[in-house]
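Worksheet for the structure shown next.
The values are calculated or read from the model by the stated rules, or taken from the named source; none is laboratory data. Just so it is clear, the structure is predicted and the values come from calculations on it, not from any experiment. All Cβ positions, even for glycine, are placed from backbone atoms using ideal geometry, and neighbour counts span all protein chains on display.
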Amino acid sequence: MKVVVFGATGTIGRPLVAELARDHDVVAVSRRPRANDGRIRWVAADATNPDAVASTVAGAEVVYYLVHSLGSDDFEERDLTAAETTARAAERAGVRQLVYLGGLGDDASDLSPHLRSRSETGKRLAETSVPVTTLRAAMVVGKGSAAFETIVALVDRLPAMLTPRWVSTATQPIALTDVVAYLRAVGGMEAAFGGTYDVGGPDVMTYREMMERIAHLRGKHPYIIEIPVLTPYLSSLWLHLVTPVKAGIARPLVEGLKNETTVRDTRIRELAPIQLTSFDDAARSALE
């Protein structure tokens, strides 16, 4: 079948496109032109441009939506505009299914702007007659993941850390290979049409435990001291100083770390019974 992937050059989009191309004709959407590769046809388009999106999704059966504008000052508004443009174009084109990757923890009452944007984007995608399959994930453990590489940079660069309270928040990270496997599995799966599913790895831990495990893999022994006075704003500035992540990305990410992001619904395990990767194995692979 013909499958379109918006956000095809991202951390998740790149391996997903490669996996989908094994069985399907894939249209990979990016902001800049790229050369076609086998069953992958690259299209340059902006998800906020109605005409470009309409021509891109024409004839598609499944559309994956992996777009986000994190790092832009108006990322919430841009994400909503892009989601609505894509959903309307998909409806007019007769697309059978939209697949969206959202975030765990987006059902809390005190959402950060980042998690609120993920939640509202999902709702905007679902405003048409095209059924949406939503997978909700916490941190993705893999090379290129901004959240994971932020944690790694902290461990690598700081022998001692004064950390905010969010390091004690529970989370359930998932390996990049596993989230790609789930996304591939639900594409075209009628049993998943219109459903929302939590996806996570086998390990539930705090961010502090995550740092300690990465430090062990790196052969390091950092001192981690929690203090209550670091606000999300100060935390984002701190991350900007000591990690490669820009403040415009770090702040929304940090603000979302106060929300617990663990799997509460395991129905996806029945629909797609994949062998999950442990955090240590996923981190080791990403670090290599």
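Of the set (1) part of a helix (DSSP H, G or I); (2) touching an Asp or Glu at 6+ places or on another chain (Cβ under 9 Å); (3) surrounded by fewer than 24 Cβ atoms within 10 Å (Cβ to Cβ), all apply to residue 68 but (1).
Of 219, 248, 200, all but one fail to be at pLDDT 85 or above and under 21 Å from the mean Cα position of the chain (by Cα); the exception is 200.
Considering (1) farther than 19 Å from residue 188 by Cα; (2) out of contact with any Phe, Trp or Tyr (no Cβ under 8 Å at 6 or more places or on another chain), the lone condition that residue 33 does not fulfil carries the number (2).
Within segment 138-161, can one find any residue that is more than 16 Å from the chain's Cα centre (by Cα), of a type in the set (D, E, K, R) and not in a loop (DSSP other than H, G, I, E, B)? Scanning segment 138-161, I find at least one residue that is more than 16 Å from the chain's Cα centre (by Cα), of a type in the set (D, E, K, R) and not in a loop (DSSP other than H, G, I, E, B), so the answer is yes. Considering only residues that are of a type in the set (S, T, N, Q) and free of Cβ contacts under 8 Å to residues at least 24 places away in the same chain, which ones fall in segment 38-59? Across segment 38-59, the qualifying residue is only 55.
Of all the listed residues (186, 254), the sole one being modelled with pLDDT of 95 or more and surrounded by 19 or more Cβ atoms within 10 Å (Cβ to Cβ) is 186. If the condition is being surrounded by 24 or more Cβ atoms within 10 Å (Cβ to Cβ) and under 14 Å from residue 68 (Cβ atoms), then segment 78-95 contributes 82, 83, 86.
Residue check: is residue 26 closer than 23 Å to residue 89 by Cα, out of contact with any Phe, Trp or Tyr (no Cβ under 7 Å at 6 or more places or on another chain) and either modelled with pLDDT under 95 or surrounded by fewer than 22 Cβ atoms within 10 Å (Cβ to Cβ) (or both)? Taking the combined requirement at face value, the residue does not satisfy it.
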